[in-house]
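Inspection log for the structure reproduced underneath, given as structure tokens.
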Amino acid sequence: MCRAFGYISMVGWTGAPQGAPVACNAGSSNPVQSTTLEIGTSGGGINPVTGGCLMATTLDQTHTLLTVPFSADTDFTVLADYCDRFAVSLIETDDPAQRLALCGRLAACLAMLRPTLNDPIPPHLVDSLTVDTLPETFPCFAPGFDLVCEYSETLAQLLLSRALSPLAEKAMTGLLAELVWYFAAELKAPRWIRTADGVKSIEEVAA
């Protein structure tokens, strides 16, 4: 089994606003974000009860992220956790210099992961990736229509600027195509189904 089968996100979104990137099983109407910032332990982020932001903790841990060591010998699961944490901090910070530094660390981490995605799972990690019961949900990418449209429009504008290298332009073109295909398919997808009890929404029948 290769490494790219899936990953466990360190970021949990509970009841995020409509259109926010959430897990397949998004639920309640109160947006609360909880972020786990330690490998294999809990803590940090926004208080899951009050929604209050733990600013001092976030700043300290963001600083740690800028110096946390990793290399090509780091387990891919740890590198994935680091990518998760870099992405969370990128969203949470408004400081341009800090965003640039975090983006650089994320890029370095992704560069180490990409060539290993089809490598076999190391034996010492097999047990940690084995469960006794089937998970209720799996990682998925399911943003709302508005976000997919915004992402696609932004990518198109970026390509129009001709500010990318040929390799980056090729990658962005592929990403734009994938997003647009998904966006168009979702917009054109059936909403209702004829049943013996009359016309009903597909979501109602599938629930």
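The values are calculated or read from the model by the stated rules, or taken from the named source; none is laboratory data. Keep in mind that what you see is a predicted model, and the values were worked out from it rather than measured. Using ideal geometry, Cβ is built from the backbone for each residue, glycine included, and neighbour counts are taken over all protein chains shown. Areas reflect the complete protein model, heavy atoms only, side chains present, ligands, DNA and RNA absent. Shrake-Rupley method; radii C 1.70, N 1.55, O 1.52, S 1.80 Å.
Out of segment 129-144, which residues are closer than 16 Å to Leu175 by Cα, touching a Phe, Trp or Tyr at 6+ places or on another chain (Cβ under 9 Å) and either open to solvent by less than 50 Å² (accessible area, probe 1.4 Å) or not in a loop (DSSP other than H, G, I, E, B) (or both)?
Pro143
Keeping to segment 76-104, report how many residues are assigned to a helix (DSSP H, G or I) and either among the small types (Gly, Ala, Ser) or open to solvent by 50 Å² or more (accessible area, probe 1.4 Å) (or both).
Summing the residues that are assigned to a helix (DSSP H, G or I) and either among the small types (Gly, Ala, Ser) or open to solvent by 50 Å² or more (accessible area, probe 1.4 Å) (or both) in segment 76-104 gives 12.
Which of the residues belonging to segment 105-128 are among the acidic types (Asp, Glu) and in a helix (DSSP H, G or I)?
If the condition is that a residue be among the acidic types (Asp, Glu) and in a helix (DSSP H, G or I), then Asp127 is the only one that fits.
Can you say whether Leu125 is open to solvent by less than 90 Å² (accessible area, probe 1.4 Å), touching a Ser or Thr at 6+ places or on another chain (Cβ under 9 Å) and closer than 18 Å to Trp181 by Cβ, as far as the supplied structure shows?
For Leu125, the condition - open to solvent by less than 90 Å² (accessible area, probe 1.4 Å), touching a Ser or Thr at 6+ places or on another chain (Cβ under 9 Å) and closer than 18 Å to Trp181 by Cβ - is not met.
Could you check how many residues of segment 159-204 are assigned to a loop (DSSP other than H, G, I, E, B), open to solvent by 70 Å² or more (accessible area, probe 1.4 Å) and among the hydrophobic types (A, V, I, L, M, F, W, C)?
Within segment 159-204, residues that are assigned to a loop (DSSP other than H, G, I, E, B), open to solvent by 70 Å² or more (accessible area, probe 1.4 Å) and among the hydrophobic types (A, V, I, L, M, F, W, C) number 2.
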